[in-house]
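S.K.: Structure incoming, see below.
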Amino acid sequence: MSSGRYYFVTKKGQEGNIVCFDGEISNGFQITPKNQLQYEGITVQKLVIIKPSFISKLLKRKIQKKLERYLNYIVEVIDSDDESDGDLNEILSELTRYKDILEYQYRKYLDKEYVDLMSKKIEVLEYELKLKTMRYHPLEEVYEDTYENARSR
């Protein structure tokens with residue numbers, strides 16, 4: 001017997017029908033598995049989830065984990081006295097990119113209120129990062145231009 005992981009998915013309690021799709025499924029959420037375990041079973045190239053409640057639960061868990069990682073990293077950056085501006089700008093652009101993903105890719109699967117709440121949380125994280133960058137790099141002196149009112153002939 002080989003040392004690998006085997007999974008058998010079943011649904012007990014209710015009898016279901018076996019459904020076979022010949023074409024592409026366009027209205028589901030697609031996942032590409034990243035697990036590279038080698039075994040003698042079925043190799044999954046793409047998984048399409050169709051049930052809306054399961055898509056919502058999956059995306060909410062995914063978003064929460066990602067926001068927790070961002071929050072932990074931002075807390076570490078804010079607590080440290082390191083003045084590395086590259087990391088701050090990189091994480092700031094990553095947060096902006098993730099907010100766009102949330103708005104344009106996940107909005108059709110999630111409730112509007114939930115997406116708005118997550119966008120506000122990301123904006124708070126962006127605000128804290130911007131405060132950190134301004135603390136280390138204060139604004140340059142603002143030069144005032146003086147204009148002379150000269151009369152032309």
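The values are calculated or read from the model by the stated rules, or taken from the named source; none is laboratory data. Keep in mind that this is a model prediction, so the values were computed, not measured. Glycine also receives a Cβ, built like all others from the backbone with ideal geometry; neighbour counts cover every protein chain displayed. For accessibility, only protein heavy atoms count, side chains too; no ligands or nucleic acids. Shrake-Rupley method; radii C 1.70, N 1.55, O 1.52, S 1.80 Å.
S.K.: Stretch Gln64-Leu37 to full length: gain in nm at 0.36 nm per residue minus the Cα-Cα span? Each step should come with its number before you reach the end.
M.R.: Details: separation 27, 0.36 × 27 = 9.72 nm, distance 2.62 nm.
Computed gain between Gln64 and Leu37 is 7.1 nm.
S.K.: On to the next question. Could you list the trypsin sites (Lys or Arg not before Pro) in the range 86-126 that lie in coil according to DSSP, counting only those with at most 12 other Cβ atoms within 10 Å of their Cβ?
M.R.: Values: sites: Arg97, Lys99, Arg107, Lys108, Lys112, Lys120, Lys121; in loops: Arg107, Lys108.
When the trypsin sites (Lys or Arg not before Pro) of the range 86-126 are filtered for loop state and at most 12 Cβ neighbours within 10 Å, Lys108 remain.
S.K.: Tally up the carbon and sulfur contribution to the accessible surface of the range 45-104 as a whole percent, 1.4 Å probe, everything protein left in place. Walk me through the numbers before you get to the answer.
M.R.: Details: 2130 of 4060 Å².
Result for the range 45-104: 52 percent of the exposed heavy-atom area is carbon or sulfur.
S.K.: How much of Asp116 can a 1.4 Å solvent probe reach, expressed as accessible area in Å² and rounded to 10?
M.R.: 50 Å²
S.K.: With label points built 7 Å along Cα→Cβ from the Cα atoms of Asp100 and Asn27, find their separation and express it in nm.
M.R.: Distance between label points: 2.9 nm.
S.K.: Taking θ as phi - 60°, what are the ³J(HN,Hα) couplings along the range 51-58 by the Karplus curve (6.51, -1.76, 1.60), each to the nearest whole Hz, with x for Gly and Pro?
M.R.: With the stated coefficients, the range 51-58 comes to 5, x, 5, 5, 4, 4, 5, 5 Hz.
S.K.: Further question on the same structure: Which lysines does Lys130 reach when only Cα atoms under 23 Å apart count, and residues fewer than 8 places away in its own chain are ignored?
M.R.: Partners within reach: Lys65, Lys66, Lys99, Lys120, Lys121.
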